[in-house]
1. So if R0 is 22 Å, what FRET efficiency would VAL54 and ALA221 give, r being the distance between their Cβ atoms, rounded to the nearest 0.05?
2. Suppose a student asked you for the relative contact order of the chain, using Cα pairs under 8 Å spaced at least 6 residues apart; what percent would you report?
3. For the chain, modelled as a Gaussian network with Cα springs under 10 Å, which listed residue fluctuates most, VAL157, VAL187, VAL172?
4. Over 26 Å between Cα atoms: which of LYS180/LYS225; LYS49/LYS127; LYS12/LYS180; LYS127/LYS180 fall into that group?
5. Rounded to whole Å, give me the distance from the Cα center of segment 12-61 to that of segment 70-122.
6. Filter the trypsin sites (Lys or Arg not before Pro) in segment 1-80 down to the DSSP loop ones having no more than 14 other Cβ atoms within 10 Å, then list what survives.
7. Given points 7 Å out from each Cα along the Cα-Cβ axis, report the GLN76 to LYS118 separation in nanometres with one decimal.
8. Report the gain in length on full extension from ASP228 to VAL197: 0.36 nm times residue separation, minus Cα-Cα distance, nm rounded to one decimal.
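All of the numbers you see were taken from the coordinates with simple rules; none came from a lab. Treat the numbers as computed from the prediction; the structure is a model and nothing was measured. Here the Cβ positions follow ideal geometry from the backbone for every residue, glycine too, while neighbour counts run over all protein chains shown.
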Amino acid sequence: MPNAVLTVRDLKSGYGRTVVCDDISLDVPAGQITCIIGPNGAGKSTLLKTIAGVIPAIDGSIQVSDVEIAGQPAAQVARSGMAYVPQEANVFRALTTHENLTMGGWIDESRTKAARDKVYEMFPDLKPLAQVPAGNLSGGQRQMVAFGMALMLEPRVLLLDEPSAGLSPLMVGQMFDTVKQVNASGVAILMVEQNAVQGLRIADEGIVMASGRIAMQAPAAELLKSSDVSELYLGSRV
């Protein structure tokens with residue numbers, strides 16, 4: 001795909017001798033949201049961790065803007081223009097919001113203040129919470145801090161693992177609004193989401209994973225209309 005900011009080809013990864021993801025190929029177009037859905041144990045989170053460099057790839061290619069990053073440590077992957085927000089432990093609870101954002105700008109400290117100001121401009125609700133420890137924030141507020149930390153790197157592509165997990169129904173809606181806001185700023189997003197219906201509704205492309213492989217990839221609107229996808233993964237609710 002000519003305008004893909006993230007390209008994965010024939011990727012294999014797992015833990016020790018156990019292969020979890022096998023023969024994964026996908027493209028994340030620049031400026032778009034791609035949502036991965038599928039049952040528990042399908043390998044969705046493992047795939048994101050492999051792309052982010054948290055888990056080493058066994059085989060295959062991962063490129064960010066045509067630069068090969070497969071086999072690179074997570075710190076080097078972050079320098080390539082990709083940021084990763086894990087499902088759990090995605091903020092430093094003992095540090096304030098301000099300190100968390102500062103930690104997010106570790107790659108280039110000379111640009112930390114400008115990047116932090118940009119995050120506060122994007123998420124004005126965080127400014128009054130600047131001196132509040134992240135551990136005292138609500139789940140939705142912590143997720144916003146985690147997004148902000150990732151955006152301190154000014155990434156071209158953002159990996160999100162289950163961003164709605166553990167949030168109240170009200171906060172889930174706000175979280176998806178945040179995802180759209182980040183995407184509107186020009187950041188491509190690859191998102192694993194347990195709330196398949198809402199995830200696909202804000203996405204441009206959808207990917208269905210099953211048993212460590214990609215079972216289907218199509219425009220998100222098509223997956224929402226698919227009776228097979230609805231019965232298996234959407235709980236027949238669209």
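1. Details: r = 31 Å, r/R0 = 1.43.
Calculated value: 0.10.
2. Details: 486 pairs, mean separation 62.5, N = 238.
Once normalised by length, the contact order is 26 percent.
3. Highest fluctuation of the listed residues: VAL172.
4. Working: LYS180/LYS225 21 Å; LYS49/LYS127 30 Å; LYS12/LYS180 30 Å; LYS127/LYS180 20 Å.
The answer is LYS49/LYS127; LYS12/LYS180.
5. 22 Å
6. Numbers: sites: ARG9, LYS12, ARG17, LYS44, LYS49, ARG79; in loops: ARG17.
Here the sparse-neighbourhood loop sites are ARG17.
7. Reported label-point gap for GLN76 and LYS118 is 2.5 nm.
8. Numbers: separation 31, 0.36 × 31 = 11.16 nm, distance 1.38 nm.
So the chain would gain 9.8 nm between ASP228 and VAL197.
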